[in-house]
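The values are calculated or read from the model by the stated rules, or taken from the named source; none is laboratory data. Remember, predicted model here, so these are calculated numbers, not experimental data. With ideal geometry, Cβ positions are generated from the backbone for all residues, glycine too; neighbour counts draw on all protein chains shown.
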Amino acid sequence: MKQKEVLIVGTGLAGLASALRLTAAGYSVTMVEKNNQPGGRLNLLEKDGFKFDLGPTFFSMSYEFDELVKSTGIEYPFDFIELDPLFTVNIDGNPKNYTIYKDIEKLASQFEKIEPNFRGKMEHHLKKTGTLYHDTEDKIVHHNFNSFAEYAGQLVRVPLKHSPLLLKTMWQELCGSFESKEARMIFSLVGFFLGATPFDTPAVYSLLNYIELKHDGYHNVRGGMYEIVNGLVKILQQKGVKIHYSTEIVQAETQDKKINALIDQFGNQWKADYYIINSDAAWFRGKVFNRKKYNEKRLDKMKWTMAPLTIYLGLNGKLDKLQHHNYFLGNNFDQYAKGVFKNKVSFEKPYYYVNVQSKNNPEYAPEGKESLFILCPSPDLRFKPDWSDSEEIAQNIIDDLSTRTGYPINEMIISKTVLTPVHWGKMFNLYKGNGLGLAHDMNQIGWFRPHNQDEKFKNVFYTGASTIPGTGLPMAVISSKLTTEKLFKYDGNLQTK
C-alpha cells in the first residue's frame with residue numbers, strides 16, 4: 001500500500017513534533033519553511049561571536065517531551081537543565097530582590113517580613129491549583145473536541161468546586177490567597193508567560209503556579225534552547241523527512257471541498273494527501289484561505305497576546321550578581337499591567353525580563369563575556385503601529401538595568417540587536433506582531449479556539465499556538481499530539497490506538 005503523504009507548513013516545535021509522530025505512524029512527510037532555518041520562534045540568533053535564544057528561553061511541563069519521545073520510540077535528542085532558583089524579581093524602589101525557589105522553606109524566607117504565615121498560604125494555594133490541574137489535565141488540556149456538546153460534557157466532568165475560578169481573574173484569585181502586593185505581583189507573573197496580564201487572564205490559569213513551584217519547575221537545555229530544534233531535525237532527516245526552506249505558502253488550489261495543492265511564492269504546487277499548518281491557525285485561514293470569519297476586521301476584534309520588543313546584547317564582562325531569569329518591575333503594577341498592551345503607559349520606565357543566556361550555557365558567549373536577552377512585553381501593531389522609537393525604548397531599559405544592578409551595561413556592550421513587533425510579525429507571520437498567538441480568554445479556549453481540523457477542507461489540519469490547547473512549548477507538543485490524532489482518526493489509521 002502506498003504511503004500517505006503529509007505536507008507540513010512551518011517548522012516550529014508543533015510542526016516538528018507532528019512530523020515525528022507522523023513518521024512513527026508510517027506516513028511520508030515533507031515540510032516547507034518560510035525562513036532559511038527551522039524552529040519558528042524557537043530559534044537562534046548568532047552575531048559577533050555571541051549566541052542568543054531568539055524567543056523561548058525556558059519551559060515547564062518537561063514530561064510532555066517525555067511523552068513525545070516515548071510515543072515515537074526515539075532516544076532523547078537533547079538534555080534538560082533544571083533551573084534552581086526559578087527566577088528573581090526586582091521591584092523598583094524596593095531594596096530587596098526576591099529569589100523564587102521550588103523549596104518551600106527557601107521560598108518562605110523571602111516573604112517572612114511582608115506576608116504573615118506565607119508558607120501556610122502558599123501550601124493552600126498550591127493544593128488548590130494542583131487539584132485544579134489534575135482535575136482538568138486529561139479532561140480539557142489533552143482532549144480533542146469534535147463538537148460543542150462534547151466540550152460542554154467535558155466541562156461538566158470537572159468538579160463543581162472549581163467553578164468560581166471561571167468567574168475570576170488570576171489577580172482576583174491571588175488577592176484571595178495573599179495579603180502583600182509583592183506576593184501578588186510575583187506569583188501573577190505567570191500570566192505574562194501566556195502573553196497577557198493577571199488582570200485579564202482567567203483564574204483557572206493560576207494552576208501554572210503549581211506547575212512551576214511544585215509539579216515540574218522550569219528547564220533549559222544543555223547547549224541552548226535551539227538544541228531542541230537541532231535534535232528533532234536530525235532525527236527527522238534520518239527518517240527521510242525533507243525540509244524545504246525559503247518557501248512560503250501564499251495560496252491554495254481547492255477541489256471537492258479539499259485542498260488539492262498549496263502554492264508557494266514562486267508558483268510551485270505542493271501536493272499531498274493531508275496538510276498540517278504550523279503557521280498561525282487564525283492568520284492562515286484569513287490570509288491564505290480568505291475566510292471572511294478571519295479577515296482583518298474580525299481578527300482585530302479578537303484578543304491577542306502581547307507583542308515582543310526584544311534586545312540581544314553581547315557584553316564584555318560578566319554579570320555574576322544576576323540569575324538566569326530576572327524580572328524588573330516598577331512600583332505601579334496595577335496601572336502598568338492594565339495599560340501596557342493597549343499602549344496606555346509610558347515606556348520611559350518599562351517592565352522587562354532579563355535572561356543571562358551564558359550563565360547555564362557558557363558557549364553562548366566568548367570567555368569572560370556575557371550573552372544577554374531582554375524582553376519587554378509590548379502592545380501589538382493594532383495599538384502601536386509606529387516603532388520608530390524602539391532604540392529609545394531599548395536605551396531606557398539598558399539605562400534602568402544599569403542603575404538597578406550596578407553594572408555599567410552601556411560601557412560593556414559590544415553587540416546589540418533590537419527586534420520590534422514589526423520584525424516579529426514579518427519574520428513569522430504573526431498577526432499584528434503578537435508574540436504568542438490568540439489570548440486565552442474563556443471564549444478563546446477549548447472548543448472556542450480555532451479548531452485543529454479545518455471547518456471546510458477536511459484534509460487540512462492545524463497545530464501550534466492559536467489552535468488547541470494554547471501557547472507555550474509544552475502546549476505545542478500537546479497540540480502536535482491532538483492534531484495528529486485527529487488526522488489519524490480521519491484517515492482511519494487505527495495503529496495509533
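Does Thr99 satisfy the condition of being at pLDDT 95 or above, among the polar types (S, T, N, Q), surrounded by 15 or more Cβ atoms within 10 Å (Cβ to Cβ) and more than 30 Å from Lys349 (Cβ to Cβ)?
Spelling it out, it is not the case that Thr99 is at pLDDT 95 or above, among the polar types (S, T, N, Q), surrounded by 15 or more Cβ atoms within 10 Å (Cβ to Cβ) and more than 30 Å from Lys349 (Cβ to Cβ).
The single residue among Val89, Val29 that is outside the structural domain of Thr483 (by TED's automatic domain parsing), out of contact with any His (no Cβ under 9 Å at 6 or more places or on another chain), outside any helix (DSSP H, G or I) and of a type in the set (A, V, I, L, M) turns out to be Val89.
I'd like the full set of residues that are hydroxyl-bearing (Ser, Thr, Tyr) and either closer than 16 Å to Ala476 by Cβ or surrounded by fewer than 20 Cβ atoms within 10 Å (Cβ to Cβ) (or both), limited to segment 271-293.
Ser279
Criterion applied to Leu236, Leu194, Leu207 was being at pLDDT 95 or above, in contact with a helix residue (DSSP H, G or I) (Cβ under 9 Å, 6 or more places away or on another chain) and more than 16 Å from Phe333 (Cα to Cα), and the one residue passing it is Leu236. Of all the listed residues (Glu173, Glu212), the sole one being within 18 Å of Gly470 (Cα to Cα), crowded, with 16+ Cβ neighbours inside 10 Å and not assigned by TED's automatic domain parsing to the domain that holds Phe65 is Glu212. Out of curiosity, is Gly339 touching a Lys or Arg at 6+ places or on another chain (Cβ under 7 Å) and either outside the structural domain of Thr483 (by TED's automatic domain parsing) or touching a residue at least 40 places away in the same chain (Cβ under 8 Å) (or both)? No. Evaluation of Gly470 against the conditions (1) surrounded by 24 or more Cβ atoms within 10 Å (Cβ to Cβ); (2) not in a loop (DSSP other than H, G, I, E, B) shows that the sole unmet condition is (2).
Listed by position, the helices (runs of 4 or more DSSP H) inside segment 354-422 whose residues that are surrounded by fewer than 22 Cβ atoms within 10 Å (Cβ to Cβ) number at least 3 are 390-405, 409-412.
Among the residues making up segment 143-164, those that are of a type in the set (A, V, I, L, M, F, W, C) and surrounded by 11 or more Cβ atoms within 10 Å (Cβ to Cβ) are Phe145, Phe148, Ala152, Leu155, Val158. For Lys497, the conditions (1) modelled with pLDDT under 95; (2) at positive phi are fulfilled apart from (2).
Listed by first and then second residue, the pairs linking a residue in segment 426-442 that is more than 16 Å from Thr11 (Cα to Cα) to a residue that is assigned to a strand (DSSP E or B) and of a type in the set (Gly, Ala, Ser), with Cβ atoms under 9 Å apart and 6 or more places separating them unless they lie on different chains, are Lys432/Ala307; Gly433/Ala307; Gly433/Ser378; Asn434/Ala307; Gly435/Ala307; Gly435/Ser378.
The residue list Phe58, Phe118, Phe80 contains one member that is modelled with pLDDT of 95 or more and either under 13 Å from Lys214 (Cα atoms) or not hydroxyl-bearing (Ser, Thr, Tyr) (or both), which is Phe118. Evaluate the following for Leu319: is it assigned to a strand (DSSP E or B) and buried (at least 19 other Cβ atoms within 10 Å of the Cβ)? Here the answer is no, as Leu319 does not meet what is asked.
Conditions tested, residue by residue: (1) of a type in the set (D, E, K, R); (2) touching a strand residue (DSSP E or B) at 6+ places or on another chain (Cβ under 8 Å); (3) farther than 14 Å from Gly446 by Cβ.
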position: Tyr133; (1), (2), (3): no, no, yes
position: His142; (1), (2), (3): no, no, no
position: Gly176; (1), (2), (3): no, no, yes
position: Val190; (1), (2), (3): no, no, yes
position: Asp200; (1), (2), (3): yes, yes, yes
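Consider segment 33-46 and keep the residues that are under 18 Å from Gly223 (Cβ atoms) and of a type outside the set (A, V, I, L, M, F, W, C). The one that is surrounded by the fewest Cβ atoms within 10 Å (Cβ to Cβ) is Glu46.
All conditions in (1) farther than 30 Å from Gln255 by Cβ; (2) modelled with pLDDT of 95 or more; (3) in contact with a Ser or Thr (Cβ under 8 Å, 6 or more places away or on another chain) hold for Gly435, with the sole exception of (2).
The set of residues in segment 60-82 that are out of contact with any strand residue (DSSP E or B) (no Cβ under 6 Å at 6 or more places or on another chain) and either surrounded by 21 or more Cβ atoms within 10 Å (Cβ to Cβ) or not in a loop (DSSP other than H, G, I, E, B) (or both) comprises Ser60, Met61, Tyr63, Glu64, Phe65, Asp66, Glu67, Leu68, Val69, Lys70, Ser71, Thr72.
For the structure I just gave you, tell me whether Phe333 is closer than 30 Å to Thr169 by Cβ, buried (at least 19 other Cβ atoms within 10 Å of the Cβ), more than 22 Å from the chain's Cα centre (by Cα) and of a type in the set (A, V, I, L, M, F, W, C). Criteria met by Phe333.
So which of Ala261, Ala307, Ala281 ends up being within 15 Å of Asn459 (Cβ to Cβ), touching a strand residue (DSSP E or B) at 6+ places or on another chain (Cβ under 8 Å) and at pLDDT 95 or above?
Ala261
Scanning segment 101-125 for residues that are assigned to a helix (DSSP H, G or I) and among the polar types (S, T, N, Q) yields a count of 1.
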